[in-house]
Amino acid sequence: DQQVKQNSPSLSVQEGRISILNCDYTNSMFDYFLWYKKYPAEGPTFLISISSIKDKNEDGRFTVFLNKSAKHLSLHIVPSQPGDSAVYFCAATPLPLGSARQLTFGSGTQLTVLP
Amino acid sequence: DSGVTQTPKHLITATGQRVTLRCSPRSGDLSVYWYQQSLDQGLQFLIQYYNGEERAKGNILERFSAQQFPDLHSELNLSSLELGDSALYFCASSPSGQMNTEAFFGQGTRLTVV
């Protein structure tokens, strides 16, 4: 049973446009959400996170939106750059943040930004 | 460079064999976490060690075991290997016992069982 789902395995976007990556979750106990980015032959790196007390968190070109009632979050990248081409993983955990056992990952979305 | 070093990068072995994957955490990090990523799957948490002691256990098979040594490096031992064990194995480390935004991942070991 996948508690965190990324239903789009891949996404292609033109450089300069907006990239929107989506993530759905089923566990209502999840209270904290993270996005990781992974380049080929590298490990995942933390990108941005959001707590359930917020509905938006912004960091430069990256914004994460959370819709708790729909159990849905999305990562917006504006403007998209070729260097953003990577696999993006969504992860979720109940609060308090900290237990590795409780960090549940989605299967990832491959983003390709076309020049 | 995350500062987390995993060796080897690639490993090909036959079914029934045993392999050892190694992880050196970032300097000063006390926690080491092991994750498995099978084809088209998310990362599955296997096990965590903190300062030499097992801290948390996830979906780790009985054929798999791990340990953390006094110098804080960790090894993941996989035995009686099956085709389904083929996956990317990631190690992550963090300064504390928490898997949070301060955790950094190594580049992974790709294991292929033939």
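When Cβ neighbours within 10 Å are restricted to other protein chains, what is their mean count per residue of peptide B:93-99?
Per residue, the average neighbour count from other chains is 3.
The orientation-averaged projected area of the convex hull spanned by the Cα atoms of the protein assembly as shown comes to 12.3 nm². Shielding by partners for peptide A:37-43, expressed as the average number of C-beta atoms from other protein chains within 10 Å of each residue's C-beta, is 5.
Over all projection directions, the Cα-based convex hull of chain B averages an area of 6.5 nm². Length, then width, then depth: along the principal axes, the Cα atoms of chain A run 40, 29, 22 Å. Each peptide in B:34-41, A:10-17 was scored by the mean count of other Cβ atoms within 10 Å over its residues; highest first, the order is B:34-41, A:10-17. If you bin all the Cα-Cα distances of the stretch B:70-114 at 10 Å, starting from zero, the percentages per bin are 23, 42, 28, 7.
Report, for chain B, the % of DSSP beta bridges that are antiparallel, rounded to 5. Restricted to chain B, the bridges split so that about 90 percent are antiparallel. Each Cα pair under 8 Å and six or more residues apart adds its sequence gap; the mean of these over the residue count of the stretch B:18-110 is a relative contact order of 34 percent. Partner shielding of B:104-111 amounts to 3, given as the average count of beta-carbon atoms from other chains within 10 Å of each residue beta-carbon.
The numbers here are math on the coordinates, done by the rules we state, and not lab data. Predicted model, so just to flag it, every value in this text is computed and none were measured. Neighbour counts run over all protein chains shown; Cβ positions are idealised from the backbone, glycine included.
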